[in-house]
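For reference, the structure is listed below as C-alpha cells.
The values are calculated or read from the model by the stated rules, or taken from the named source; none is laboratory data. Owing to the predicted nature of the structure, the values given are computational and were not obtained by experimental measurement. In this analysis, Cβ positions are derived from the backbone assuming ideal geometry, glycine residues included, and neighbour counts consider all displayed protein chains.
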Amino acid sequence: MVACCAHRDDNVPWPDLESTTMTAYSVQEEKMKTPILISLSFLTLLACLNTAGAAERPNFLLIFADDLGYGDVSTYHQSDVRTPNIDRIAAEGMLFTTMRANCTVCSPSRASLLTGRYPDRAGVPGVIRTHPENSWGYFDPSVPTLADELNKAGYHTAIIGKWHLGLESPNTPNERGFDFFHGFLGDMMDSYTTHLRHGNNYMRLGAEVIEPEGHATDLFTTWAGDYLRERAEQADEPFFLYLPYNAPHFPIEPPEEWLARVRQRAPDLSEARAKDVAFVEHLDDRVGRVLATLRETGLDRNTLVVFTADNGGSLPHAQNNDPWRDGKQSHYDGGLRVPFMVRWPGHIAPGSRSDYAGLVFDLFPTFLQLAGATPSDELDAVSLIPILEGGTIDGPRDLYFVRREGGRIYGGKSYEALIRGDWKLMQNDPYSPLELYNLKADPQEQENLAAVEKRMFNALADGLRAHVQRGGATAWQEPANESAR
C-alpha cells in the first residue's frame with residue numbers, strides 16, 4: 001500500500017496541460033509514463049485521516065459542466081470533438097463508464113449533488129427559473145449542503161460559476177455553506193458575453209452585483225485560478241472548490257477563433273455541430289488552464305479532481321450523447337449518462353476504469369469520508385471510496401429519477417424512472433404508459449418489455465411508487481411567510 005500522503009513521482013514529466021492541439025493520451029501511454037500506484041485501502045485511509053493534520057487531507061475540485069453529452073468527451077470513443085484536457089483527468093485517474101446524473105435537467109441535479117438526496121427530497125423536483133410563476137423548486141434550507149458539512153470538517157468552501165438553486169435569501173450560495181461565491185445566480189445566460197437573463201444581471205461576488213467583461217467560460221476560469229493561487233498560501237486549511245461552468249448549455253456561443261479552427265479542421269460539419277464542437281473544445285481548454293494552475297501552485301499533489309456534468313446534451317442544439325438513446329429532458333440514457341472521472345495522484349491508479357452504475361450525488365458521502373467526517377443516515381447517496389480503491393460496492397441499489405413541472409408552456413410534466421440492476425422502468429411524460437427495458441441485453445433501449453415481463457414491471461412500479469410518496473413529503477414551493485420556514 002502507498003503511504004498516507006504519497007504523491008506522484010516528480011521525475012515523471014508532466015504533459016502540457018494548456019496545449020489544445022495534442023490528441024488525448026491513451027490509457028496505455030499513461031501507464032508507460034506514470035508508475036501504477038496501488039490505491040489505499042479504506043481502513044488505512046481512515047487511519048491516516050484520523051491522525052493527519054488538515055494539510056494532509058485532500059482538497060476537492062469538482063468541475064461540473066452544463067448539458068455536456070457523453071458523446072462529446074473524446075475519451076469515451078472516437079469523436080469529432082477533441083477534449084484532451086478532460087480526457088487527461090481520466091488517463092491520470094479513474095474513468096467511470098456507467099455513471100448517471102440525478103436528473104435530466106439542471107436544478108434537480110445540482111440540488112442532489114449538493115445534498116446527497118434525491119432531488120424531490122431536497123425540494124427541487126423541477127427547474128428553478130427566473131420567473132416565480134414558472135419555477136418548480138425551492139431548495140430546502142433545512143437540508144445541509146456538502147459545503148455545510150465540509151465547513152464543519154474544517155474546509156474552506158467556494159463556488160465559482162453557475163448556482164441555479166435560488167436567486168434570493170435564504171438560498172444564495174453564501175447562505176448555503178459556501179464561504180466564497182463568484183459567479184452567476186441564475187439558470188442560463190441569454191448570452192455568454194452579456195451575462196444577462198431576461199434583461200437581469202445575476203453575476204455576483206458574494207452578495208455584490210458585478211458587471212465583468214468577457215466570455216463567461218473565460219471569466220470563471222480566471223476566477224478559479226485566482227482562488228487556487230490564494231488557497232496555495234493557506235496550506236493549513238484544505239478547500240472545496242465547486243466549479244460549475246454554464247458551458248456548453250445553449251445558447252451555443254464559442255469564441256469566433258475557436259469556431260474558425262473547427263471549420264478549418266472539419267469543413268463538412270453542419271454549422272450547428274461545428275459551433276457545439278468549438279464550444280466544448282473552448283471549455284476543455286479552460287479546464288486545462290485550471291489544471292495547470294493546480295500544478296503550478298503545487299496543489300495538484302493532494303487535490304482530488306472530479307469532472308462530470310448535470311445531464312445529457314441537448315439534441316436540438318447538435319450535442320452528442322452517443323451511443324445512448326435521446327438526450328436532455330429524457331429518461332432514456334442519453335439524458336442521464338454523463339462523463340465522470342476522478343483523479344487523485346498517489347491514491348487512484350492512473351488509467352483505471354469502473355463500470356459501477358452510480359449517480360453523481362455519490363460524491364457527497366465520498367468527499368465527507370475522505371475529509372474525515374461521517375455522512376448522515378439521511379443520505380440517499382452511496383460513497384464511491386470502495387470503487388476508487390479498486391474494489392466493489394456490494395448489495396442491490398435502486399436508482400431513482402424524477403422531474404416534476406407543470407403549466408401551460410411545459411405541458412404538465414411529471415415523470416419518473418427507476419433502475420434496479422439490469423432493469424429500467426421509465427416514462428418521459430405523464431400521459432404515456434411506463435416502459436420497461438433490460439439494459440444489459442438492450443443498452444440502447446429499443447425493446448419495451450412492459451407487456452412481457454409483468455412480474456419485473458410490477459416490482460419496479462411498486463418501488464417507484466414508494467420513492468414518489470417519500471419525495472412528496474418535502475415541500476417544493478417557498479413557504480407563504482417567514483415563520484413557516
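One line per residue, one yes/no per condition, for (1) surrounded by 19 or more Cβ atoms within 10 Å (Cβ to Cβ); (2) within 26 Å of Ser109 (Cα to Cα); (3) touching an Asp or Glu at 6+ places or on another chain (Cβ under 8 Å):
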position: Phe184; (1), (2), (3): yes, yes, no
position: Tyr192; (1), (2), (3): yes, yes, yes
position: Asn200; (1), (2), (3): no, yes, no
position: Ala224; (1), (2), (3): yes, yes, no
position: Glu237; (1), (2), (3): no, no, no
position: Tyr242; (1), (2), (3): yes, yes, no
position: Ala260; (1), (2), (3): no, no, no
position: Gln264; (1), (2), (3): no, no, no
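Taking the criterion of being within 15 Å of the chain's Cα centre (by Cα) and part of a loop (DSSP other than H, G, I, E, B), the residues of the stretch 71-101 that qualify are Val73, Thr97, Thr98, Met99, Ala101. Residue count for the stretch 129-156 satisfying the condition of being polar (S, T, N, Q) and closer than 14 Å to Phe364 by Cα: 2.
Quick check on this structure: which one of Ala373, Ala381, Ala357 is among the hydrophobic types (A, V, I, L, M, F, W, C) and touching a Gly at 6+ places or on another chain (Cβ under 6 Å)?
Among Ala373, Ala381, Ala357, only Ala381 is among the hydrophobic types (A, V, I, L, M, F, W, C) and touching a Gly at 6+ places or on another chain (Cβ under 6 Å).
Out of Leu436, Leu425, one residue alone is farther than 30 Å from Leu165 by Cα, in a strand (DSSP E or B) and at pLDDT 95 or above. It is Leu436.
As a summary of the residue check, Pro170 satisfies the conditions (1) in contact (Cβ under 8 Å) with a residue 60 or more places away in the chain; (2) in contact with a strand residue (DSSP E or B) (Cβ under 6 Å, 6 or more places away or on another chain); (3) not aliphatic (A, V, I, L, M) except for the one numbered (2). Only residues that are farther than 30 Å from Ile128 by Cα and among the hydroxyl-bearing types (Ser, Thr, Tyr) were counted across the stretch 74-114, and they come to 5. When Asp398, Asp377 are checked against the criterion of being surrounded by fewer than 16 Cβ atoms within 10 Å (Cβ to Cβ) and in contact with a helix residue (DSSP H, G or I) (Cβ under 7 Å, 6 or more places away or on another chain), Asp398 stands alone in meeting it.
The set of residues in the stretch 287-315 being under 30 Å from Leu425 (Cβ atoms) and free of Cβ contacts under 8 Å to residues at least 60 places away in the same chain consists of Leu315 alone.
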